[in-house]
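Quick notes on the structure that follows.
The values are calculated or read from the model by the stated rules, or taken from the named source; none is laboratory data. The structure presented is a predicted model; accordingly, all values stated were derived computationally and were not measured. Glycine also receives a Cβ, built like all others from the backbone with ideal geometry; neighbour counts cover every protein chain displayed. Ligands, DNA and RNA are stripped out before the accessible areas are found, and what is left, the full protein with its side chains, is counted by its heavy atoms. Shrake-Rupley method; radii C 1.70, N 1.55, O 1.52, S 1.80 Å.
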Amino acid sequence: MKLRKVTAASAVVLALAVTATACGSDDKKDSGSSGGDKKITVGIKFDQPGIGQKTPQGYAGFDVDVATYVAGKLGYKPDQIEWKETKSAERENALSRGDVDFIAASYSITPERQQKVDFAGPYLLAHQDVLVRADDTAIKSPSDLNSKKLCSVTGSTSAQNVHDKLAPKAQLQQYPTYSACLTGLQNKAIDALTTDDSILAGYASQAAFKGKFKLGGFKMTNENYGIGVKKGSDLKAKINTALEAMVSDGSWQKAVDKNFGPANYKNEPAPKIGNIVS
């Protein structure tokens with residue numbers, strides 16, 4: 001009987017030890033996730049020069065610079081950022097599924113999108129504009145696009161908006177990519193390319209195109225770029241604080257100049273947090 005009692009007691013001690021070890025293992029995992037091995041996943045575009053682009057040297061663009069700064073203020077070093085491509089049609093789904101922690105990807109704040117996700121910002125006020133050849137003196141206003149060949153990418157509504165509201169006689173051309181539109185513009189197969197001015201400036205700032213194109217400066221729409229987070233996420237307030245710091249310490253303007261400067265992009269002043277320009 002004495003032996004049985006000892007054995008039973010030993011079994012209890014052993015069970016407690018195993019349980020403690022298991023708990024200790026979980027604690028170690030948790031502490032690791034909030035320590036040096038922590039990661040944050042950020043959604044960006046991979047194919048927009050000047051905005052968000054995956055290159056052989058890494059990731060580059062204004063949105064990348066903004067996201068890196070914000071992540072830093074949240075406590076993450078650049079090597080703790082996991083970049084994830086988020087195409088326009090997948091942004092809301094990526095946030096709701098938890099695939100990414102936040103998205104900085106030329107993500108315009110709209111009432112429809114605000115029903116599905118929350119936005120920090122805005123951090124850039126862009127406008128729909130046109131890009132023309134540097135030596136073009138014929139296109140000085142949106143109405144001058146009448147009878148001109150106007151290009152945008154397949155599936156975009158930018159060119160259609162111009163046609164419907166400003167230049168009903170514009171000849172719409174759809175190309176598969178903005179790069180294809182730029183080649184057509186350079187070769188005079190088209191007369192103008194339209195989308196957000198920040199995107200146009202990013203493409204025009206590429207080394208291969210420097211000095212060959214210019215922005216019209218038409219400001220046909222207002223595009224308030226925000227950082228998307230999951231609905232109800234407490235990251236929104238933290239990101240807003242980070243964006244305010246980026247503006248106040250000069251980092252925001254440096255990022256604008258670096259990514260859009262070669263195209264002589266005349267950016268709007270940094271927007272006030274929560275101020276959505278309609």
Out of all the residues in the stretch 162-171, which are surrounded by 16 or more Cβ atoms within 10 Å (Cβ to Cβ) and not in a loop (DSSP other than H, G, I, E, B)?
Val162, His163, Gln171
Can you find, within the stretch 208-224, the residue that is farthest from the chain's Cα centre (by Cα) among those that are outside any strand (DSSP E or B) and either among the polar types (S, T, N, Q) or over 13 Å from Leu182 (Cβ atoms) (or both)?
Gly211
Write out, first by first residue and then by second, each pair whose Cβ atoms fall under 6 Å of each other, whose residues are 6+ apart or on separate chains, and whose first residue, in the stretch 111-129, is without any contact (Cβ under 8 Å) to a residue 24 or more places away in the chain and farther than 24 Å from Gln160 by Cα while the second is assigned to a strand (DSSP E or B) and among the hydroxyl-bearing types (Ser, Thr, Tyr).
none
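Could you please find all residues in the stretch 243-259 being part of a loop (DSSP other than H, G, I, E, B) and open to solvent by 50 Å² or more (accessible area, probe 1.4 Å)? Step through it out loud before you land on a result.
Our first condition is that a residue be part of a loop (DSSP other than H, G, I, E, B); within the stretch 243-259, this holds for 249-250.
Scanning the stretch 243-259 gives a single hit, Asp249.
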For Gln48, state whether it is surrounded by fewer than 21 Cβ atoms within 10 Å (Cβ to Cβ) and within 25 Å of Leu182 (Cα to Cα).
no
Given the criteria open to solvent by less than 80 Å² (accessible area, probe 1.4 Å), among the hydrophobic types (A, V, I, L, M, F, W, C), on the phi < 0 side of the Ramachandran plot and modelled with pLDDT of 95 or more, does Ala9 qualify?
no
Give me the pairs: first residue in the stretch 246-269 and at pLDDT below 95, second residue open to solvent by 80 Å² or more (accessible area, probe 1.4 Å), beta-carbon distance under 6 Å, and six or more apart or on different chains, which are they?
Pro262/Lys210
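Of all residues in the stretch 114-126, how many are touching a helix residue (DSSP H, G or I) at 6+ places or on another chain (Cβ under 8 Å) and open to solvent by less than 10 Å² (accessible area, probe 1.4 Å)?
6
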Looking at the stretch 132-144, is at least one residue among the hydrophobic types (A, V, I, L, M, F, W, C) and either modelled with pLDDT under 95 or surrounded by fewer than 17 Cβ atoms within 10 Å (Cβ to Cβ) (or both)?
yes
When residues of the stretch 136-161 are limited to those that are free of Cβ contacts under 8 Å to residues at least 24 places away in the same chain and not in a loop (DSSP other than H, G, I, E, B), the one farthest from the chain's Cα centre (by Cα):
Asp144
Tell me, which residue of the stretch 96-124 that is among the aliphatic types (A, V, I, L, M) and under 13 Å from the mean Cα position of the chain (by Cα) is nearest to Ile276 (Cα to Cα)?
Ile109
Here are the criteria: (1) assigned to a helix (DSSP H, G or I); (2) within 17 Å of the chain's Cα centre (by Cα); (3) surrounded by 18 or more Cβ atoms within 10 Å (Cβ to Cβ). Tell me which single one Pro262 does not satisfy.
(2)
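To keep it simple, each residue is scored yes or no on (1) open to solvent by less than 40 Å² (accessible area, probe 1.4 Å); (2) modelled with pLDDT of 95 or more; (3) in a loop (DSSP other than H, G, I, E, B); (4) of a type in the set (Ser, Thr, Tyr).
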{"site": "Lys54", "(1), (2), (3), (4)": "no, yes, no, no"}
{"site": "Ala67", "(1), (2), (3), (4)": "yes, yes, no, no"}
{"site": "Tyr76", "(1), (2), (3), (4)": "no, yes, yes, yes"}
{"site": "Asp79", "(1), (2), (3), (4)": "no, yes, no, no"}
{"site": "Ala89", "(1), (2), (3), (4)": "no, no, no, no"}
{"site": "Asn93", "(1), (2), (3), (4)": "no, yes, no, no"}
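Tell me which residues, restricted to the stretch 111-135, are outside any strand (DSSP E or B) and within 25 Å of Pro168 (Cβ to Cβ). Before the answer, list the steps.
To start, the set of residues in the stretch 111-135 that are outside any strand (DSSP E or B) comprises 111-116, 127, 134-135.
His127, the sole residue that qualifies.
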